[in-house]
Structures are given as structure tokens and as C-alpha cells.
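The values are calculated or read from the model by the stated rules, or taken from the named source; none is laboratory data. Please read all numbers here as calculations on a predicted model, not as lab measurements. Because the Cβ atoms are built from the backbone with ideal geometry, glycine has one as well, and the counts that use them run over all protein chains shown.
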Amino acid sequence: MLSLLALVGFATQGCLKDKCERKLSYIRVDPVYKTIDEIRNGTAVNEAPRELKNPGALYYYNDKIFINERQEGIHVIDNTDPSSPVNEAFIAIPGNESFAIKNGILYANSYIDLLAIDLQSTEVVGRTESVFPPLWEDFENNRVAVSYQETPVTEVLSCDGYGKFYFTDDRFFDFSNMGGFQGDVAVLANESSNGGTKEGSGAGIGGSMARFTIVGDYLYVVDQTSLDVFSLSTPTQPQSTNTVEIGWGIETIFPFEDKLFIGSNAGMFIYDNSNPAAPSYLSQFAHARACDPVVVSGDYAYVTLRSGTECDGFNNQLDLVDISNITNPFLVKSFPMDNPHGLSIAENSLFLCEGEFGLKSFDITDPKVLGEHQLDHVTNLHAFDAIALPGQKKLLLVIGEDGFYQYNYDDPADLQFLSKITVN
């Protein structure tokens, strides 16, 4: 922001002269549109395996690993032998970012629609329309903005031309071509600079960054402002049953017992899910603005905050929150970290993704002193989410910018590398 103020100050001084001009390099952001008909004609296509290029959400189901390829679909990996996983197929789903699986049915977004896909046939067996908000909607032309395209531009501008730019991450952005877009400009800019189900009742396991989760016969989806509830009583035809307005900046969802823990860029929300069709607000734990995946074990919630994100945060820490009184959660202690992202818990071990700083494991037998009990630190990877499989598998799944990793955690103090599928 100081750079922006300096630029504005320079421009203002120049205006005192006859002419005020300066050459400026910036990123012009233009919307990419699809008509509603194009979206509705889109379907899931079973293809030959693809290489990982831009991986997103991670999911485990029936000895298979499912990895989102952002905006394009889902990689299917046979993980019968974790030391030698087989990239066996790719399910092309236009506009996909999030998904969950139950009893052989894959529930995935395709732009603004929710699809139900039979994993055996890869056929779309159900579609619930217009359940996810687009970037913005062009009603006049029956189309929506589904993504955006960046174009580097350098030009000479007058003083009056600077007002349209947004400055972040040491770069200028021009969003004026986004028309009626009403989203968070800061989020869009930082995205330009570069989304946990428990196994049981036929459902798979998602990571701490998950935006979809399944509990019983209900699918829960978080978007920017709300929690959407879908009944799966007819599995091939998910029905929207409820929308719970929460607030701006909603990011992740984690189910625990009969509660839903929802992460936002301003804090953690706790909802009572004893009536699964109508989750009700219980309490909130607020913190400084930052992205914050949440996992829960026993009487504690573990919340990560990190800098360098679309949430404009400046903290890099792991917060330990006491939830023994569910209506009055409070901070027990903050532990400094490098750049914490997603996390996972198995028994008395916590596994923490540290972005470019790798992967750490901690003993949380006594959570209040976990900072003194770091067990291992693997540094040769870029990790942003993890799933520690329960039971006898002792398998830790890790996804990051450079690939998909697997470790054995029989001894959490000595994580054993098993395999990697590289991003190309």
C-alpha cells in the first residue's frame, strides 16, 4: 500500500505542471462468459488419465484418490498399493472446483450447477440447477462470468487514469472490464497472483480445505456467504432443502460429531447439526483477517492463519481454541508457524501443511504444549492440504503445488515417504 501511496503522490505533484503522465504496467482482468445453455449442455466425460497441472481439492474413497484439476475435472488414482499409485482416469467436468462422494455417487459442481455422477458409468444421473453463485450474471445476454483472463498491459496514462487500478502483491490490476462483478476485488486479485468428511455410511474423506462435506443423508456446501444444504434421500437427485446465511468470506467446512465447524477469513463459526436439515448457529470464534482451515479433536479446534493469501492476512500461526463450552469458544494459545495451510489429525498426532516450507507433525497428547513437541519436518515439498487415513492404514495423503505425496505415519516422528505423482 505504501507503493500505491508513493505513486499517487508522484502523480499529484505532476498534475501541478502542464502535463501529468506516467508509463504503468498492470494486469487487465477480463471476464470469460458462458451462456446458460452452454453450461447445461456440459456433462462429465470419462477420459484417459491426464498429468496433474493445477491440483486443488483432495479426496479419499474406497482405495482411490480423487484430485481436482481446477476448473477442468477430477483425476482418479488407484491407490491399492500406496507405494505405486496408478493414475487411471480423468473425469472431465467443466468448471469443477469441489466435490464429495457417497455410495458410488460423485457430487460435484459444474460452474453454477450441482451434478450427481455415477462413478461406475461416469454418467450424469442428476443435475440441480443454479445453486452456486457466478462471478456475476449478465441477465440481458443470458450468460454468466465463469472465470477471468489476465492480460499484461503497459501504457502511458494521465493522472486521471490511475483511479481505476487496484494494487496488491506489488502489482496493479484493472478490473474495470469485469462490468457488474460484485465480488471481493482483493480476493480476485490475489487469486490472479498465483477449497473434512469422515469416512462412514458410504462417504469418503475430504481434506481440511473442503467446501463440500456429506453427513448422513445430507450434502453441505459452503460458498462465499452461506451454507447450502441438500437432501440425498434420493441419491441421484440432490434436493436443495435449506440455505443458511453466515456472512462474507466463508471458506471451509469440517463436520465433527453433531456439529459443523465453518472457517471464514474472519473466524470460525460453529453450527449445531443435530437437525441435519436445518443447522443452527451456536457460536463464533473471531480472529484477525486471514484464511483459516479448521479441524477438531476432542475439546479443541485447531485453526491455521497464514499470510500471503487472498485473505490479506499477516499472521502465520496455529490457534488452539477450547470448545468444551460449545457456545463460548476461546483461544488457549497461538503457536507461531512458517506459512500454515491445511491440517489433519490422527489419534494424538497433528499433521500440518506449511506451503513452501513443507510438512510438519506434532504430538498433541497435551495440545497446550504442542509447540514444544514437533516430531518431524519434511522440507522437500510444497504442501497445502493433507488427509491422515484412520485405522490400520497409517497413510498420510498430501497435496501441494508440486504434486501428490504419500507417507506412512506408523511413527509420526519419522514420516516415511512412499510415493509421489508429480505436477507437470
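When the stretch 247-261 is examined, which residues are found to be of a type outside the set (S, T, N, Q) and under 18 Å from Ser208 (Cβ atoms)?
Hits for the stretch 247-261 are Gly249, Ile250, Glu251, Ile253, Phe254, Pro255, Phe256, Glu257, Lys259, Leu260, Phe261.
Six or more apart or on different chains, Cβ atoms under 6 Å: show the pairs whose first residue is in the stretch 228-250 and aromatic (Phe, Trp, Tyr) and whose second is surrounded by 19 or more Cβ atoms within 10 Å (Cβ to Cβ) and part of a strand (DSSP E or B).
As it stands, the answer is Phe230/Leu219, since those pairs meet every condition given.
Any idea which residue in the stretch 245-279 is modelled with the highest pLDDT, counting only those that are among the acidic types (Asp, Glu) and assigned to a strand (DSSP E or B)?
So the residue we want is Asp272.
For the stretch 377-424, name all the residues that are surrounded by fewer than 19 Cβ atoms within 10 Å (Cβ to Cβ) and among the acidic types (Asp, Glu).
Within the stretch 377-424, Glu401, Asp402, Asp410, Asp411, Asp414 qualify.
In the stretch 44-63, which residues are polar (S, T, N, Q) and not in a strand (DSSP E or B)?
Asn54, Asn62, listed by residue number.
Which numbered condition in (1) in contact with a helix residue (DSSP H, G or I) (Cβ under 8 Å, 6 or more places away or on another chain); (2) closer than 20 Å to Phe132 by Cα is the only one that Leu219 fails?
(1)
Does Ser264 satisfy the condition of being among the hydroxyl-bearing types (Ser, Thr, Tyr) and loosely packed, with under 15 Cβ neighbours inside 10 Å?
no
Can you tell me which of Glu155, Glu150, Glu97 is touching a Lys or Arg at 6+ places or on another chain (Cβ under 8 Å), assigned to a loop (DSSP other than H, G, I, E, B) and either closer than 25 Å to Thr241 by Cα or not small (Gly, Ala, Ser) (or both)?
Going through Glu155, Glu150, Glu97 in turn, just one is touching a Lys or Arg at 6+ places or on another chain (Cβ under 8 Å), assigned to a loop (DSSP other than H, G, I, E, B) and either closer than 25 Å to Thr241 by Cα or not small (Gly, Ala, Ser) (or both): Glu97.
May I ask you to list the residues in the stretch 208-244 that are in contact with an Asp or Glu (Cβ under 7 Å, 6 or more places away or on another chain), surrounded by fewer than 20 Cβ atoms within 10 Å (Cβ to Cβ) and not in a loop (DSSP other than H, G, I, E, B)?
Within the stretch 208-244, Ser226, Ser231, Ser240, Thr243 meet the criteria.
Please pick out the residue among Phe139, Phe132, Phe90 that is at pLDDT 95 or above and not basic (Lys, Arg).
Phe90
Output the number of residues of the stretch 357-395 satisfying the condition of being among the polar types (S, T, N, Q) and closer than 21 Å to Leu305 by Cβ.
Qualifying residue count, the stretch 357-395: 2.
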